[in-house]
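Visitor: Supplied in structure tokens, the structure appears directly below.
The values are calculated or read from the model by the stated rules, or taken from the named source; none is laboratory data. Because the structure is predicted, anything quoted here is derived from the model rather than measured. Cβ atoms come from the backbone with ideal geometry, glycine included; neighbour counts cover every protein chain shown.
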Amino acid sequence: MRNHLSRLSLHWRPKIGEEHREQYVDVFKHSISAHAGLPPYAQARLIDLISLQLRKVRQYPCLWVSVDAPGEWYVEEIKRLVRYRIPTVIIEKGWIPGGAFCYRPHAYYFYDWDLEYPEGIQYPYIVGQDGIKAKPLRILRILACLKTAHTIEIASLAGYSKTTVRGLLKELLAKGIIEWKRIGKYDGWAIKTRGIRQAHRSWNVPRGVHFAQYRGEVRYSGERHKRISRLWRAWLETAYPHVQIWESWTEVLLQRGIPDALAWGQAGGEEILFWLEVDSGHSAKRVMGKRYLDRLDLAIRHANNWNTKVVFCIMGPFWVVDTFALHLHGDRWDHRIAVIGHDWRVFGELPAYEFGRWRDDLDKTRDWLEHRSRHSQGLSFDPTQYPRKSKKQEKPKKPKIKSNKPRYISPNYDDEIPWQRDPNDR
């Protein structure tokens with residue numbers, strides 16, 4: 001990603017008798033990539049922060065945002081979320097804005113060419129300038145968004161194998177920008193403050209701004225809930241080999257709604273989004289049914305606004321998926337939305353989705369679990385050969401020796417009061 005100062009020279013034909021002069025537009029170019037680990041919402045907030053910084057150092061600044069993305073959804077979503085504090089144009093990589101009226105709002109012309117690079121604006125980041133190559137940098141950016149994670153979760157979000165990710169993590173560990181940390185029952189990885197600074201520098205985050213609230217997951221969830229959300233990309237690649245996943249994010253904030261995980265990819269030559277909702281089943285059936293029906297409505301609205309196909313998946317215990325299916329009224333929706341359900345105990349399996357209908361694989365999951373329970377009964381070893389560990393024998397308590405000290409007796413204060421005869425007693 002680069003962020004450098006450039007100017008566009010716009011020639012125009014003067015009228016008869018007018019002197020020929022050139023007009024210029026003070027343009028700053030900011031290049032971003034869809035594979036940088038940030039969802040569209042975080043990229044939009046970063047553009048707003050850069051716009052505020054440019055407005056302090058220039059009178060008529062303009063921002064040209066070049067987006068490197070394989071599809072159109074990522075660019076269009078950024079356009080919807082940016083607040084356009086200064087004249088801004090957001091276009092795909094390889095395109096050049098035509099003039100001042102391509103910006104929103106339109107840019108201002110001026111005639112001064114000798115403008116120096118403003119102080120306080122950092123120069124563009126070049127991959128490798130701090131000794132971190134592209135693949136380790138991708139792992140570092142993912143950890144900056146997650147803060148703490150296990151190796152398998154990082155591998156899923158990065159799209160790399162676990163063997164490759166282990167080597168990249170060791171490389172970052174040797175640089176002292178990540179560390180081991182106990183996460184729940186197992187050891188995982190945590191990013192240090194130095195690593196967060198390098199990740200911010202690679203995203204061209206301006207100095208002195210608060211970006212932590214935009215880069216990470218927007219809400220807290222349980223360990224199992226979080227783990228399944230982070231494995232969503234690996235789950236999809238295992239279940240649907242024909243689908244190409246470009247990027248995946250967890251707890252991502254969209255224009256409407258916050259899916260637990262969102263994967264963006266391509267299937268059959270068309271862009272497709274996989275929206276995941278995970279529920280552990282601790283809510284009442286009525287509350288849970290209404291909650292996810294509302295989120296399904298949000299997914300349908302997104303599909304209509306983006307003109308993009310969306311696969312909505314509800315995942316949780318067996319009875320959670322069954323309860324959600326009972327709350328559905330009919331099994332046909334818009335042709336852009338497909339709804340599926342799956343038991344979260346079976347990794348790498350998903351039902352075949354069909355747009356406009358509800359599909360689940362609960363019967364297949366039930367058969368698979370029964371087969372696994374039957375197979376687990378015929379163990380190849382005798383459990384009686386491994387007796388339980390005997391409990392530690394508690395030491396007998398010594399009898400308590402009675403004290404020879406005299407016992408304290410509380411005084412009876414009623415005896416000190418002299419007795420008086422009741423005058424009514426005759």
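Visitor: Taking ASP260 and the conditions (1) under 25 Å from VAL346 (Cβ atoms); (2) acidic (Asp, Glu); (3) loosely packed, with under 15 Cβ neighbours inside 10 Å, which numbered condition does it fall short on, given that it satisfies the others?
Guide: Every listed condition holds for ASP260 apart from (3).
Visitor: Scanning segment 55-67 for residues that are more than 13 Å from ASN204 (Cα to Cα) and surrounded by 18 or more Cβ atoms within 10 Å (Cβ to Cβ), which turns out farthest from the chain's Cα centre (by Cα)? Walk me through it before giving the result.
Guide: Restricting attention to segment 55-67, the residues satisfying the condition of being more than 13 Å from ASN204 (Cα to Cα) are 55-64, 66-67.
Add one more test, that the residue is surrounded by 18 or more Cβ atoms within 10 Å (Cβ to Cβ), and what stays is 61-64, 66-67.
Values: PRO61: 32, CYS62: 30, LEU63: 27, TRP64: 26, SER66: 23, VAL67: 20 Å.
This residue is PRO61.
Visitor: Turning to a different aspect of this structure: Would segment 115-126 turn up any residue that is of a type in the set (Phe, Trp, Tyr), surrounded by fewer than 14 Cβ atoms within 10 Å (Cβ to Cβ) and out of contact with any Phe, Trp or Tyr (no Cβ under 9 Å at 6 or more places or on another chain)?
Guide: Residues of segment 115-126 that are of a type in the set (Phe, Trp, Tyr), as a first pass: 117, 123, 125.
Right, trim to surrounded by fewer than 14 Cβ atoms within 10 Å (Cβ to Cβ) and you get 117, 123.
Right, trim to out of contact with any Phe, Trp or Tyr (no Cβ under 9 Å at 6 or more places or on another chain) and you get none.
No: segment 115-126 contains no residue that is of a type in the set (Phe, Trp, Tyr), surrounded by fewer than 14 Cβ atoms within 10 Å (Cβ to Cβ) and out of contact with any Phe, Trp or Tyr (no Cβ under 9 Å at 6 or more places or on another chain).
Visitor: Are any residues in segment 150-169 more than 19 Å from ALA34 (Cα to Cα), aliphatic (A, V, I, L, M) and buried (at least 18 other Cβ atoms within 10 Å of the Cβ), and if so, which ones?
Guide: Pass one, segment 150-169, residues more than 19 Å from ALA34 (Cα to Cα): 150-153, 161-169.
Among the residues that remain, those that are also aliphatic (A, V, I, L, M) are: 152, 165, 168-169.
Matches in segment 150-169: VAL165, LEU168, LEU169.
Visitor: For the subset of segment 1-56 comprising residues that are in a loop (DSSP other than H, G, I, E, B) and of a type in the set (A, V, I, L, M), which member is modelled with the lowest pLDDT?
Guide: The initial filter retains those residues of segment 1-56 that are in a loop (DSSP other than H, G, I, E, B), namely 1-2, 11-22, 34-39.
Subsequent filtering for residues that are of a type in the set (A, V, I, L, M) retains 1, 16, 34, 36, 38.
On the way: MET1: 35, ILE16: 43, ALA34: 95, ALA36: 94, LEU38: 95.
The selected residue is MET1.
Visitor: Assuming LYS79 fulfils every condition listed in (1) of a type outside the set (A, V, I, L, M, F, W, C); (2) free of Cβ contacts under 8 Å to residues at least 60 places away in the same chain; (3) part of a helix (DSSP H, G or I); (4) not assigned by TED's automatic domain parsing to the domain that holds ILE47 apart from one, which condition is it?
Guide: Here LYS79 clears every test but (4).
Visitor: Any idea which of ARG224, ARG201, ARG207, ARG197 is at pLDDT below 90, basic (Lys, Arg) and more than 30 Å from GLY348 (Cβ to Cβ)?
Guide: Numbers: ARG224 fails: more than 30 Å from GLY348 (Cβ to Cβ); ARG201 fails: at pLDDT below 90; ARG197 fails: at pLDDT below 90.
Checking each option against the conditions leaves just ARG207.
Visitor: Do you know which of the residues in segment 295-316 that are without any contact (Cβ under 8 Å) to a residue 40 or more places away in the chain and within 20 Å of THR250 (Cβ to Cβ) is surrounded by the most Cβ atoms within 10 Å (Cβ to Cβ)?
Guide: First, pick out the residues of segment 295-316 that are without any contact (Cβ under 8 Å) to a residue 40 or more places away in the chain: 295, 297, 300, 303-304, 307, 310, 312-314, 316.
Now drop any that are not within 20 Å of THR250 (Cβ to Cβ), which leaves 295, 310, 312-314, 316.
Values: ARG295: 19, VAL310: 24, PHE312: 26, CYS313: 28, ILE314: 25, GLY316: 25.
In this case the residue turns out to be CYS313.
Visitor: Now, a different point. Quick check on segment 278-315: of everything there that is among the small types (Gly, Ala, Ser) and under 19 Å from GLY356 (Cα atoms), which residue is nearest to the chain's Cα centre (by Cα)? Give the steps one after another, and end with the answer.
Guide: In the first step, residues of segment 278-315 are kept if they are among the small types (Gly, Ala, Ser); the result is 280-281, 283-284, 289, 299, 303.
Still in the list and also under 19 Å from GLY356 (Cα atoms): 299, 303.
Numbers: ALA299: 17, ALA303: 20 Å.
Within segment 278-315, the match that is nearest to the chain's Cα centre (by Cα) is ALA299.
Visitor: Let me ask something else about it. State yes or no: is ILE196 touching a residue at least 40 places away in the same chain (Cβ under 8 Å), in contact with a helix residue (DSSP H, G or I) (Cβ under 6 Å, 6 or more places away or on another chain) and surrounded by fewer than 21 Cβ atoms within 10 Å (Cβ to Cβ)? Quick ask: steps written out before the conclusion?
Guide: Working: touching a residue at least 40 places away in the same chain (Cβ under 8 Å): yes; in contact with a helix residue (DSSP H, G or I) (Cβ under 6 Å, 6 or more places away or on another chain): yes; surrounded by fewer than 21 Cβ atoms within 10 Å (Cβ to Cβ): yes.
So ILE196 passes the test.
Visitor: Which of the numbered conditions does ILE401 fail, given that it passes all the others? Conditions: (1) β-branched (Val, Ile, Thr); (2) over 26 Å from the mean Cα position of the chain (by Cα); (3) modelled with pLDDT of 90 or more.
Guide: (3)
A quick yes/no check of all residues on (1) farther than 17 Å from ASN204 by Cα; (2) free of Cβ contacts under 8 Å to residues at least 24 places away in the same chain; (3) in contact with a Phe, Trp or Tyr (Cβ under 9 Å, 6 or more places away or on another chain):
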position: LYS135; (1), (2), (3): yes, no, yes
position: LEU140; (1), (2), (3): no, no, no
position: ALA144; (1), (2), (3): no, no, yes
position: ALA149; (1), (2), (3): yes, no, yes
position: GLU153; (1), (2), (3): yes, no, no
position: THR164; (1), (2), (3): yes, no, no
position: LEU168; (1), (2), (3): yes, no, yes
position: ALA174; (1), (2), (3): yes, yes, no
